[in-house]
Amino acid sequence: MNWDQIEGKWKEMSGSVKAKWGELTEDDIAEVDGNREALEGKIQAKYGKSKEEAKKEVDAFIDTL
């Protein structure tokens, strides 16, 4: 699965995102609205990760789908 597919199915995917990054609130997930950079930014803010770490986590998440 690639990010375009995730973006197109964001509502369905939001449960998986919440399961992976439990500290993200429903509001955070709604704000992201399928935008990968916004998701990476939320992960950085909530988990204290670097931009590169957040990007790697999102890449790993995509690979598991």
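Every number here is computed from the coordinates shown, using simple stated rules; none is lab data. Just so we're clear, the structure is a prediction, and the values are computed from it rather than from any experiment. Note that each Cβ is placed from the backbone with ideal geometry, even for glycine, and that neighbours are counted across all protein chains shown.
Tabulated data for the structure shown
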quantity: Selection status of residue 23, loosely packed, with under 15 Cβ neighbours inside 10 Å and either of a type in the set (Asp, Glu) or within 8 Å of the chain's Cα centre (by Cα) (or both); calculated: yes
quantity: Selection status of residue 42, basic (Lys, Arg), free of Cβ contacts under 8 Å to residues at least 40 places away in the same chain and surrounded by fewer than 17 Cβ atoms within 10 Å (Cβ to Cβ); calculated: no
